[in-house]
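Colleague: Dropping the structure in here first, questions after.
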Amino acid sequence: MRKIRVLVVDDHTLVRDGIRALLTPVADVEVVGEATNGREALEKVKRLVPDVVLMDLAMPLMGGLEATRKIRREFPGTKVLALTQYDDREYIVPVIEAGARGFVSKMAAFSELTSAIQALYRGDSFLSPTAAAALVEECQQKNTIGEGKDPYQHLTDREREVLKLVAEGYTAKEIADMLVISLRTVETYKTNLMKKLDIHNRTDLIRFAIRKRVITV
C-alpha cells in the first residue's frame, strides 16, 4: 500500500516533533520531511514531492500564505492543508483563497487531522467546522457588500499605501520617512482612511488589511 507522503511546515520544533510522533503510527501516512518556514517548504516540496503539506501560517522569512500560493502555482500535484492556531475568518479565508485545499485548527482532535490528510490525498477538500462557518460568513458578507460600495474602493492610492504600512507595524515617523512626507500628513492620511473604512483601532485595521490581502500572514 502506497503511503501518503506528508511534509510538516512549522517554525516550532516541538510542534513538528509532536505532529511527527502522532502521525508515525498511522498506517497509510509517512512524514517525509520538515521545514521551518515557507521558503524552506518550497525547497522541500521540490525535492521530496510530498502529497500533502501541513502548513503553518505565521512563520519567518516567508509565511504560510505566500508559500501556499507558490505551491499551488508551481507544484499543483501537492495539496496544502493549513494547520494553524488561528481560526478567525481573517486567517481562514485568505489561505483558502491562496490555494489551500483544507483547514484544520491545531486545537482539533488528532482524528480530524488524519481525516483531513486522507481527504486531500483522495482529491477532496476538508474544512473544520470553524473554517466552514467562516467561509459561509464570508460569502454572506460579500453578498451584502455587493449591494453597496466596497469601502476599500473609496481609498486613494496614497491612503492604501499608508494602510499597508500601518498594518505592517511601521510607526507614523517611519512611514513619513519612507514616503518622504511630513508626520502630520501621515496622520491625516491615517485619520481619513480609518474614517472611510469605519475602523477605529489598529487591531481592526490589521484584520481588515489581512482580509483584503493588503498584507499577508
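The values are calculated or read from the model by the stated rules, or taken from the named source; none is laboratory data. Since we're looking at a predicted model, the values are computed, not measured. Neighbour counts are summed over all protein chains in view; Cβ atoms, including those assigned to glycine, are modelled from backbone coordinates with ideal geometry. The protein model used for the area step is the full one, side chains on, heavy atoms only, and it has no ligands, DNA or RNA in it. Shrake-Rupley method; radii C 1.70, N 1.55, O 1.52, S 1.80 Å.
Colleague: Beyond 22 Å between alpha-carbons counts as too far, so tell me which of 46/106; 106/212; 44/79; 79/212; 190/212; 46/79 fall in that bin. Display every interim value, and only then the final one.
Modeller: Working: 46/106 26 Å; 106/212 24 Å; 44/79 14 Å; 79/212 24 Å; 190/212 17 Å; 46/79 13 Å.
In this structure, 46/106; 106/212; 79/212 lie more than 22 Å apart at Cα.
Colleague: Compare 179, 23, 113 in a GNM of the chain, Cα atoms joined below 10 Å, and give the one with the largest fluctuation.
Modeller: 179
Colleague: Give me the one-decimal nm value for the distance between modelled label points at residue 168 and residue 1, 7 Å along each residue's Cα-to-Cβ direction.
Modeller: Label-label distance for residue 168 and residue 1, simple model: 4.8 nm.
Colleague: Taking a probe of 1.4 angstrom, what is the accessible area of residue 70 in Å², to the nearest 10?
Modeller: Accessible surface of residue 70 is approximately 50 Å².
Colleague: What accessible area, in Å² to the nearest ten, does a 1.4 Å probe give for residue 200?
Modeller: Around 150 Å² of this residue is reachable by solvent.
Colleague: Now for a different question. Would you look at the GNM of the chain, springs on alpha carbons closer than 10 Å, and say which of 105, 125, 115 moves the most?
Modeller: Evaluated over the chain, the most mobile residue of the options is 115.
Colleague: Using a 7 Å offset from the Cα along the Cα-to-Cβ direction at both residue 112 and residue 133, what is the distance between the two label points in nm, to one decimal?
Modeller: 1.1 nm
Colleague: If Lys and Arg each add +1 and Asp and Glu each add -1, what is the summed charge of the other residues whose beta carbon sits under 12 Å from the beta carbon of residue 36?
Modeller: On the way: positive: 16, 39, 44; negative: 10, 11, 34, 40, 43, 56.
It works out to a net charge of -3.
Colleague: Taking the alpha-carbon set of the stretch 158-217, what are its Rg and Dmax in Å?
Modeller: Calculated on Cα positions, Rg and Dmax stand at 10.6, 29 Å.
Colleague: Return the ratio Rg/(2.2 N^0.38 Å) for the stretch 1-136, where Rg is computed over Cα atoms only. Present the calculation step by step, with values, prior to reporting the outcome.
Modeller: On the way: Rg = 13.2 Å, N = 136, 2.2 N^0.38 = 14.2 Å.
It is 0.92.
Colleague: To the nearest 20 debye, what is the magnitude of the charge dipole of the chain about its Cα centre, counting +1 on the Cβ of each Lys and Arg and -1 on the Cβ of each Asp and Glu? Mind showing how you got there, number by number?
Modeller: Values: 33 positive and 31 negative charges, 93 e Å.
For this selection, approximately 440 debye.
Colleague: Still on this model: Can you sort 156, 191 by 1.4 Å-probe accessible area, starting with the largest? Before the final figure, lay out the partial values.
Modeller: On the way: 156 60, 191 85 Å².
Solvent-accessible surface, decreasing: 191, 156.
Colleague: With a/c under 1.5 counting as rounded, go ahead and sort the stretch 45-116 into rounded, prolate or oblate using the C-alpha gyration tensor (a ≥ b ≥ c being the square roots of the eigenvalues; past the cut-off, prolate if a/b is larger than b/c, else oblate). Please list the in-between numbers first.
Modeller: On the way: a/c = 1.75, a/b = 1.24, b/c = 1.41.
Verdict is oblate for the stretch 45-116.
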